[in-house]
Amino acid sequence: MARTVKILDGGMSRELTRLGARLVQPEWSALALMESPEIVRQVHAEFIDAGADVITTNSYALVPFHIGEERFQSQGASLIELSGRLAREAADARADRNVLVCGSLPPIFGSYEPQNFDPSRAQDYLSVLVGNLAPYVDVWLGETLSLIAEAEAVNSAVAATGKPVWISFTLQDEPNALDSTSRLRSGETVAEAARWAAKCGIEALLFNCSRPEVMQAAVAEAASVFRQTGAETEIGVYANAFEDETAGERANEGLSGMRAELEGEGYLSFARAWVAAGATLVGGCCGIGADQIRRLAQELKT
């Protein structure tokens, strides 16, 4: 029997700017929590109105990599709590639907920076995120992770909460660096990540913040591992819309350009292929807005 397709939300940052929030680096989407939290809640509400079954807290940039160590120590807990509360309020406002809230647990030491991961320090920061998001979230989402060790740290950080865990990896997607094997940005293979997820009982393995073109192969490789192991792990995708020339930039170096061809039917055409390959959780990452999520919901929800 085919599994039900659930629709995830899209990228937060571009929707924040569309609605009037200020977006600058290095604070990125965290700045809206400081200056215009009502817009953060509005973005959540618009994604829900577009058909999203799952929304994610705006806690991705609430790490020292973006807001600085001093600000994290003085304001991190309150900003993290606010991000959880705003998402929960938006979800609960739709009494006619069961909208899940994912607690975003980002790469602590920088997106696309597997070489910077420090397991001896990761729990110091993850514990602040988990402790302040826990009252508001239904599911934990470790997202844009570049290596399996980051996922292990997330899984350990949330173990005592008893809530489901989703893990989302970002993939190698530079056009001149691709081979026939789907790989995390660390160089580890998707098959290795899928075997880890199956062994650890991760509820869903997702792939995000990479070009749409590399996602279908990753879904197929993960699905093959889960069939072999008998795992019931779901598979998800939420790709970004970065232009090729900006896709490899570090996460706080600037604002990347977006691919116009992914507007309208462009992104949906990729999503159809992901579902055909076995994905049951589909949404969007950076640059994928409420309009694209509405198209996904209209066609893919079953």
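Compute the longest continuous run of the chain that contains no exposed trypsin sites (Lys or Arg not before Pro); treat a site as exposed when its DSSP state is not H, G, I, E or B and it has at most 16 other Cβ atoms within 10 Å.
98-249
In whole angstrom, and with the biggest value first, how far do the Cα coordinates of the chain range along each principal axis?
47, 43, 40
Share of antiparallel DSSP beta bridges in the chain, in percent to the nearest 5?
10 percent
For E192, E261, give the ranking by accessible area with the largest first, probe 1.4 Å.
E261, E192
Carbon-plus-sulfur fraction of the accessible area of the chain, 1.4 Å probe, in percent?
Here it works out to 48 percent.
What is the sum of charges around L206, taking Lys and Arg as +1, Asp and Glu as -1, for the other residues whose C-beta is under 10 Å from the C-beta of L206?
Details: positive: none; negative: E143, E234.
Once positives and negatives cancel, what remains is -2.
Can you list the lysines whose alpha carbon is less than 21 Å from that of K301, not counting same-chain residues fewer than 8 positions off?
K301 reaches K6.
Express in nm, to one decimal, how much length is gained between Q115 and A273 on full extension, taking 0.36 nm for each residue of separation and deducting their alpha carbon distance.
So the chain would gain 53.7 nm between Q115 and A273.
I'd like the Karplus ³J(HN,Hα) series for segment 283-289: coefficients 6.51, -1.76, 1.60, θ = phi - 60°, whole numbers in Hz, and an x wherever there's a Gly or Pro.
So the J values, rounded to whole Hz, are x, x, 10, 3, x, 9, x.
As a test of the formula, what do you get for the chain when each DSSP H run with n ≥ 4 contributes -39,500 (n - 2.57) and the sum is divided by the residue count, at 222 nm and rounded to the nearest 500 deg cm²/dmol? Write out the running numbers ahead of the final one.
Values: 11 runs with 131 residues, N = 302.
Counting only the DSSP helices, I get -13500 deg cm²/dmol.
At a probe radius of 1.4 Å, what is the per-residue accessible area of M215, in Å² to the nearest 10?
Approximately 0 Å² for this residue.
The values are calculated or read from the model by the stated rules, or taken from the named source; none is laboratory data. None of the values given here were measured: they were computed from a predicted structure. Using ideal geometry, Cβ is built from the backbone for each residue, glycine included, and neighbour counts are taken over all protein chains shown. We work out accessible area using only protein heavy atoms, side chains counted, and drop any ligands, DNA or RNA first. Shrake-Rupley method; radii C 1.70, N 1.55, O 1.52, S 1.80 Å.
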